[in-house]
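What follows is a single structure, written as structure tokens, with notes after it.
The values are calculated or read from the model by the stated rules, or taken from the named source; none is laboratory data. All values reported here derive from a predicted model rather than from experimental measurement. No Cβ is skipped: glycine too gets one built from the backbone with ideal geometry, and neighbour counts run over all protein chains shown. Ligands, DNA and RNA are stripped out before the accessible areas are found, and what is left, the full protein with its side chains, is counted by its heavy atoms. Shrake-Rupley method; radii C 1.70, N 1.55, O 1.52, S 1.80 Å.
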Amino acid sequence: MIREELIFVATCDISGHVRGKGFPARELGSRLHKGVGWTGSNLMMSPQGPIWDTPFGTAGDLMIVPDRKAEVRVDFGDDSAVEHFFLGDICTTDGAPWECCPREFLRRAARELESAAGLQAIAAFEQEFLYTGTEERPGDAYALGAFRRQGLFGEAFVAALREAGVPPDTFLAEYGARQFEVTVAPAPALVAADRAVVTREMARAAAHRLGHRAVFTPKPDAQGVGNGVHIHMSLCDASGHPATYLEGAPLGLSEPAQHFFAGVLHHLPAIAAVTAPSPVSYLRLVPDRWAPTRIDIVEQDRGASLRICPVFAAESASEKARAFNVEFRACDAAASPYLALAAVIFAGADGIRRSLPLPENRENPPSLPGKLEEALDRLEASEEARGWFGAAHLEAYLRFKRVEASKVAALSPAELCAHYAEIY
Ligand code: GLU
Ligand code: MG
């Protein structure tokens, strides 16, 4: 068959979907500068697709400009179309960053942490999903049998990740029915978020070529366990030295790390609207499902929003300091990794600026919001969040999410799970 290679340039938007436009690969030279056309209202495409409400109207032009450092080209070697795409920045037509660009929001967060404390955030996303190409069997949790029965998917997925420049770390059959988990190597914030987007897309791309789906919805089944996205985080100083761990300090956290994570806890009721951003996210955040429910930081409890991760078999103090990380568990794949990581970093930087202490009496920690609307009200009420987003971006975000919540308000938990399993 006659064929010509295509390239796609994309943003990962408020809905968490990767959206953009394609063009013939031979036009890449000029497209690196002029990108592809976009509009303000494109930001308001709901997870379901339609633009239900938009502050941007029908006017105005923007462009998504590819980032040369965020190129993915994966040939699955099965004669299917090559996966060739760039992640990009939404810019105004003169090339300046658009105030609502998700990647720019994350860059601003990284700059804020740098200016608050001279620190850089390092992150790695651990993501769970269902693979539909395997049957559910009792006893499958973490089982070699489940690992084997997914067939070629795991190998194709891991090969695609490596080809895409995302170093794979682990791939396993998780606790839930047909559930798998993947972890990848840590990187500075923007690269880490790019990697999270690429990881999801490579899982979907590998599954697609095998005639199946990788489903990242936060809660596939109202009775079962959810699909979490856990953001493993650490801090390093300007010269790249680890700055999170301090031997003998409370929870092993250095002073800036204590303030950083105190800031994350302080702002969690508001930033949950960004990290757990869909109505179905709140069916995941329930007790006894290995998902977080409490606004707390602990050493070894998966019911807390922040978990100090164990360091396995470190041979030296410096190796321990490098491996030491804190896991933000109140996130899922309905969130754009850019927005979620940015919200966490902004919250942490605010904790550092205000020298917030870690909570002292942790007998009875507060709970995460019980539903999206509650988190959105907290986000709207947060003066700090208004500053991080900027007024126009925050207004767009709140409108987007409130309409989404209202559109699915009548669905039962089972219907809500089924609906979002189609979408993510
Ligand atoms: N599936 C759990 C969640 O919804 C996480 C399980 C784990 O600790 O990896 O976050
Ligand atoms: Mg897991």
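Looking at the stretch 22-48, which of its residues are open to solvent by less than 50 Å² (accessible area, probe 1.4 Å) and part of a loop (DSSP other than H, G, I, E, B)?
Residues satisfying the conditions are 35, 39, 46, 47.
Can you tell me which residues in the stretch 158-184 are within 16 Å of ligand 2 (Cβ to nearest atom) and either charged (D, E, K, R) or under 25 Å from residue 79 (Cα atoms) (or both)?
Applying the first criterion (within 16 Å of ligand 2 (Cβ to nearest atom)) to the stretch 158-184 yields 168-184.
Matches in the stretch 158-184: 168, 169, 174, 178, 181.
If the Cβ limit is 8 Å and pairs must be 6+ apart or interchain, which residue in the stretch 201-214 that is farther than 15 Å from residue 424 by Cα pairs with which residue that is aliphatic (A, V, I, L, M) and surrounded by fewer than 20 Cβ atoms within 10 Å (Cβ to Cβ)?
Listed by first residue and then by second, the contacts come to 210/152.
With the requirement that a residue be in a loop (DSSP other than H, G, I, E, B) and over 22 Å from the mean Cα position of the chain (by Cα), what does the stretch 241-251 give you? Before the answer, list the steps.
To start, the set of residues in the stretch 241-251 that are in a loop (DSSP other than H, G, I, E, B) comprises 241, 243-244, 246-249.
Hits for the stretch 241-251 are 241, 243, 246, 247, 248, 249.
Checking the conditions here, which among 19, 73 is in a strand (DSSP E or B) and touching a His at 6+ places or on another chain (Cβ under 6 Å)? Give the steps one after another, and end with the answer.
On the way: 19 fails: touching a His at 6+ places or on another chain (Cβ under 6 Å).
None of the other options fit; the residue is 73.
State all residues of the stretch 201-243 that are in contact with a strand residue (DSSP E or B) (Cβ under 7 Å, 6 or more places away or on another chain), within 16 Å of ligand 2 (Cβ to nearest atom) and of a type outside the set (A, V, I, L, M); if no residue qualifies, say none.
Across the stretch 201-243, the qualifying residues are 216, 220, 227, 228, 230, 232.
Enumerate the helices (runs of 4 or more DSSP H) found wholly within the stretch 288-405, keeping only those where 1 or more residues are away from ligand 1 (no atom under 16 Å from the Cβ), within 27 Å of residue 203 (Cβ to Cβ) and open to solvent by 20 Å² or more (accessible area, probe 1.4 Å).
Details: elements: 317-323, 337-353, 372-381, 383-389.
So the answer is 317-323.
Among (1) touching a residue at least 12 places away in the same chain (Cβ under 8 Å); (2) open to solvent by 40 Å² or more (accessible area, probe 1.4 Å), there is one condition residue 51 misses while meeting the rest; what is its number?
(1)
Restricting the search to the stretch 115-135, which residues are under 21 Å from the mean Cα position of the chain (by Cα), more than 16 Å from ligand 1 (Cβ to nearest atom) and closer than 28 Å to residue 398 by Cβ?
Residues satisfying the conditions are 121, 123.
If residue 149 passes every condition in (1) touching an Asp or Glu at 6+ places or on another chain (Cβ under 8 Å); (2) in contact (Cβ under 8 Å) with a residue 60 or more places away in the chain; (3) not small (Gly, Ala, Ser) but one, which one does it miss?
(2)
Against the conditions (1) in a loop (DSSP other than H, G, I, E, B); (2) over 22 Å from the mean Cα position of the chain (by Cα), where does residue 278 fall short? Just the number, please.
Of everything listed in (1) in a loop (DSSP other than H, G, I, E, B); (2) over 22 Å from the mean Cα position of the chain (by Cα), residue 278 misses just condition (2).
Got at least one residue in the stretch 306-325 being away from ligand 2 (no atom under 16 Å from the Cβ), modelled with pLDDT of 90 or more, β-branched (Val, Ile, Thr) and touching a Ser or Thr at 6+ places or on another chain (Cβ under 8 Å)?
So far as the stretch 306-325 goes, no, none of its residues is away from ligand 2 (no atom under 16 Å from the Cβ), modelled with pLDDT of 90 or more, β-branched (Val, Ile, Thr) and touching a Ser or Thr at 6+ places or on another chain (Cβ under 8 Å).
Are there any strands (runs of 3 or more DSSP E) wholly within the stretch 116-215 with 2 or more residues that are buried (at least 20 other Cβ atoms within 10 Å of the Cβ), and if so which?
Details: elements: 120-131, 168-173, 179-184.
It comes to 120-131, 179-184.
Take the residues of the stretch 226-240 that are within 17 Å of residue 348 (Cα to Cα) and outside any loop (DSSP other than H, G, I, E, B): which is nearest to ligand 1 (Cβ to nearest atom)?
Across the stretch 226-240, the extreme among qualifying residues is 230.
Just one of 111, 68 is assigned to a strand (DSSP E or B) and open to solvent by 30 Å² or more (accessible area, probe 1.4 Å); which is it? Talk me through it step by step, then tell me what you get.
Values: 111 fails: assigned to a strand (DSSP E or B).
Sole residue among the options that is assigned to a strand (DSSP E or B) and open to solvent by 30 Å² or more (accessible area, probe 1.4 Å): 68.
Can we say residue 86 is of a type in the set (Phe, Trp, Tyr), touching a helix residue (DSSP H, G or I) at 6+ places or on another chain (Cβ under 9 Å) and under 28 Å from residue 347 (Cα atoms)?
Values: of a type in the set (Phe, Trp, Tyr): yes; touching a helix residue (DSSP H, G or I) at 6+ places or on another chain (Cβ under 9 Å): yes; under 28 Å from residue 347 (Cα atoms): no.
When the stated conditions are applied, residue 86 does not pass them.
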